[in-house]
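The values are calculated or read from the model by the stated rules, or taken from the named source; none is laboratory data. Quick caveat, the model's predicted, so the values are computed rather than measured. For neighbour counting, all protein chains shown are included, and Cβ atoms are generated from backbone atoms with ideal geometry for every residue, glycine included.
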Amino acid sequence: MSKIWLIAQREYLTRVRKRSFIIMSLIGPLLTVALFAVPVLIAKMSDSGKVVAVADAGGIFADKLPEPKDDISFTRVSPDLTTAKAEFKKSKHDALLYIPKLDLSKPAGFQVFSRKGLGMSLERDINRAVNNAIESQRLQKAGIDRAVLDNMKVDVDLQTLSLSDDGERSSSTGISTVIAYVFGFLIYMFIFIYGVQIMRGVMEEKTNRIVEVVISSVKPFQLMMGKVLGIAGVGFTQLALWVVLSMGISSVMAGSISPDKIAEDRAARTTAVMRPTTSKDEAAKQENAVAKFTQALDSADLNVPLLVGCFLFYFLGGYLFYGALFGAIGSAVDSETDTQQFMMPVTMPLVLTFVVSQAILTTNPNGTVAFWMSIFPLTSPIAMMMRLPFGGVPMWQLGLSMVLLIAGFVGAIWIAGRIYRVGILMYGKKVTYGELSKWLFYKG
Amino acid sequence: MKPILQAIDVRKQYAAHTALDGVSLEVPEGTIFGLLGPNGAGKTSLIRIITQITGADAGEIRFRGEKLNPSHIGQIGYLPEERGLYKKMKVGEQLMYLAQLKGVNKSEAHQKIKGWLERFDIKSWADKNIEDLSKGMQQKVQFIATVVHDPTLVILDEPFSGFDPINANLLKDEILAMRERGTSIIFSTHRMESVEEMCDHIALINRSKKVLDGPVSQVRNAYRSQTYEVEGKGQLMVMHPDFEVVEHKERENGHFYDRIRIVHGTPNDLLRYLIGPANVEVHAFRERIPSINEIFIQRVRETQPDYVPDTDAVLA
């Protein structure tokens, strides 16, 4: 046991001290934070309050210019195109919309001038404004009041509740999906990154020929377990660093890019062009969205301790299972290129689970396929973690899945150990599956 | 002398072939023991059983009279034929790690590593990565890794392969010094001539069987064949029936080299005949004692008439 510990220690320390580990530990959280922060920042930056000058010869905006929306505001200029163009050149307006005199049944001949390219979103917004205006006019002509029509449109929010023996629980599918993906992705990624590290480590020892020196001191099984556990430690360290650093960075960033602040900025900048009330509305709307999210998180009533506990279990269990198999692959081959044929069947279930997760797991988390995938040990680490956030997984299923995963990785480690002890001393030989299966039954 | 290691009827079977077929031998304590034989004879298989990397299918290994078990690992040092170290590890850390794996505690290992680095005059390398060292330097580190835990039995598999001549000499001196300190050494090689001068005992292995073993001098004496080398000048014309010319070479200026076997009589009879009736001028006269390599070839041919010596062994 102390030798496994020694080996694990070496594996751990040499990896944690590597520059690539330190860089990954720093970049990971930055990327995570960036993933959430960048859209906000982009919104903040592009938020320059575009102004569209409207030369309304057709008079479709006669009574009212379109409401400012998404930081685009409209301002009226001379309806005469030539004057408008001349003015546009002198002005700081971003675009000039020309509406010709037109036939309401066949509206055509709209023109938009801009200094640089217009940009997709601006073009879309202008288009929508014009469409709306013409629609209104047509409605009016037909004798329908816009307000009446708007009243008839509906937009309801569904409150999703899960009904189980414990009674009604408010659940939020959206939040559950996000959490399911985060869990699934983390496990998937860590199994891959660290599983491959085990494989590489074994191959390195084999190609460096150090392995014979080491196994004259320790049992091959101890060497393999030490490696698997040491690298698991690296994985946990990385995960912990990511969580801590992500939290740290995001709490620092939160101050500067909170939605409230953005809304304020925006309001300040846009008051010059448009009525202040609208911007306040907008800010309120955004605040509302944030509140909704936190509320959903609260109301989703996720069993956080259970989720975190299960996550750690499946994270470790899945890693040990696959790690042992990756180690066995590393021992059986001489070079990275030879690993392909053995990697395929091992990684297939993993990739498959992740691929079908969207189609099956998150849309029907308690269906038959989801059930079997969350029981079968090769797929259960990801599948079960993607089912759990949705709730409603019976305890017996969770228990069975865990027991099978434990049995699975004990079995995998046994098989890997048998292959490993023969493989590491086998040089310059292309190994087939038939041969591998024979190794399982070699004596001492 | 008490044996430090005994192999008793050891057998090892791999899927397709038999690696060891009932090999028994004894390694006397405090000697250099040569485990000789061509490539693929089964030497490495035997060593891997002694180092407990693999197990024997049948038979037994005894270490100081005890059945070999994991508690002996710390008393054995092994330099495999295939060598290597962790490239990205520092010399000092690497030696520390390998010593600890052998069961030496940290502070003791620290002292020993320091001692060895000083002895090899490479103290300044302790903080260097292995990959930054030259091949010769790596070999020194590898050797230290083999003996850092003060093993009582050191097993060296093809120790000189890959060592440059300077390091090979250093290694030779170190091996002899270890014997002086009472360490037993098993020396495995297919280059028989390279070790016979160092070995006290040898065992020859061929085709997974032990062919011959014993103290070197005894083995060589047993294969003496009353053959003498003669160098001289003149024409060695007719030979007396008591003597048989095994080999005859003409050299320039009427010089010759002959190998003559005495069928009947003594070396003095031959010498008397040469300077008397044969009337040649004798410059050199000495007994031809067969080399281990020759003995090996002769011994193998007895059981295997079509045997062609390993070209590698001959060239080396």
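Pairs meeting the criteria (first residue in region A:1-23 and over 12 Å from residue B:88 (Cβ atoms) and more than 10 Å from chain B (Cβ to nearest Cβ), second residue assigned to a helix (DSSP H, G or I) and among the polar types (S, T, N, Q), beta carbons under 6 Å, at least 6 apart or on different chains) are A:4/A:222.
For region B:74-92, the condition holds for at least one residue, the condition being that it is within 17 Å of residue B:147 (Cα to Cα), within 26 Å of the chain's Cα centre (by Cα) and away from chain A (no Cβ under 11 Å). Taken over region B:212-261, the residue count meeting the criterion of being of a type in the set (A, V, I, L, M, F, W, C), assigned by TED's automatic domain parsing to the domain that holds residue B:279 and in a strand (DSSP E or B) is 6. Could you please find all residues in region A:381-431 being surrounded by fewer than 19 Cβ atoms within 10 Å (Cβ to Cβ), within 35 Å of the chain's Cα centre (by Cα) and of a type in the set (Gly, Ala, Ser)? Once the filter is applied, which keeps residues that are surrounded by fewer than 19 Cβ atoms within 10 Å (Cβ to Cβ), within 35 Å of the chain's Cα centre (by Cα) and of a type in the set (Gly, Ala, Ser), region A:381-431 yields A:392, A:399, A:407, A:411.
From the list B:247, B:252, B:229, which one is at pLDDT 90 or above and farther than 30 Å from residue B:47 by Cβ? Residue meeting the stated conditions: B:229. Inspection of region A:402-424 finds a residue satisfying the criterion of being aliphatic (A, V, I, L, M) and either at positive phi or within 14 Å of another protein chain (Cβ to nearest Cβ) (or both).
Okay, residues lined up against (1) among the small types (Gly, Ala, Ser); (2) over 20 Å from residue A:59 (Cβ atoms); (3) at pLDDT 75 or above:
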{"position": "A:112", "(1), (2), (3)": "no, no, yes"}
{"position": "A:122", "(1), (2), (3)": "no, yes, yes"}
{"position": "A:131", "(1), (2), (3)": "no, no, yes"}
{"position": "A:135", "(1), (2), (3)": "no, no, yes"}
{"position": "A:142", "(1), (2), (3)": "yes, no, yes"}
{"position": "A:149", "(1), (2), (3)": "no, yes, yes"}
{"position": "A:153", "(1), (2), (3)": "no, yes, yes"}
{"position": "A:158", "(1), (2), (3)": "no, yes, no"}
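Scanning region B:262-287 for residues that are over 15 Å from residue B:227 (Cα atoms), part of a loop (DSSP other than H, G, I, E, B) and of a type outside the set (Gly, Ala, Ser) yields B:277, B:279, B:280.
Answer yes or no as to whether residue B:7 is part of a loop (DSSP other than H, G, I, E, B), more than 14 Å from every other protein chain (Cβ to nearest Cβ), in contact with a strand residue (DSSP E or B) (Cβ under 6 Å, 6 or more places away or on another chain) and crowded, with 16+ Cβ neighbours inside 10 Å. Please lay out each step first, then the result.
Numbers: part of a loop (DSSP other than H, G, I, E, B): no; more than 14 Å from every other protein chain (Cβ to nearest Cβ): yes; in contact with a strand residue (DSSP E or B) (Cβ under 6 Å, 6 or more places away or on another chain): yes; crowded, with 16+ Cβ neighbours inside 10 Å: yes.
In short, no.
No other residue among B:252, B:294, B:287, B:281 is closer than 29 Å to residue B:191 by Cβ and surrounded by fewer than 14 Cβ atoms within 10 Å (Cβ to Cβ) apart from B:287.
Which residues, taken from region A:372-393, are more than 17 Å from residue A:191 (Cα to Cα) and either at pLDDT below 85 or touching a Gly at 6+ places or on another chain (Cβ under 9 Å) (or both)? Those that are more than 17 Å from residue A:191 (Cα to Cα) and either at pLDDT below 85 or touching a Gly at 6+ places or on another chain (Cβ under 9 Å) (or both): A:387, A:388, A:389, A:390, A:391, A:392, A:393.
The single condition among (1) of a type outside the set (A, V, I, L, M, F, W, C); (2) more than 30 Å from residue A:387 (Cβ to Cβ); (3) crowded, with 19+ Cβ neighbours inside 10 Å that residue A:434 does not meet is (3).
The helices (runs of 4 or more DSSP H) falling completely within region B:75-154 that include 2 or more residues that are farther than 21 Å from residue A:3 by Cβ and either touching a residue at least 12 places away in the same chain (Cβ under 8 Å) or not assigned by TED's automatic domain parsing to the domain that holds residue B:49 (or both) map to B:106-119, B:135-147. Please verify whether region B:20-30 includes one or more residues that are more than 23 Å from residue B:181 (Cα to Cα), facing chain A (nearest Cβ under 9 Å) and out of contact with any helix residue (DSSP H, G or I) (no Cβ under 7 Å at 6 or more places or on another chain). No: zero hits. Of A:345, A:349, A:394, A:377, all but one fail to be in contact with a helix residue (DSSP H, G or I) (Cβ under 6 Å, 6 or more places away or on another chain), assigned by TED's automatic domain parsing to the domain that holds residue A:193 and not hydroxyl-bearing (Ser, Thr, Tyr); the exception is A:377.
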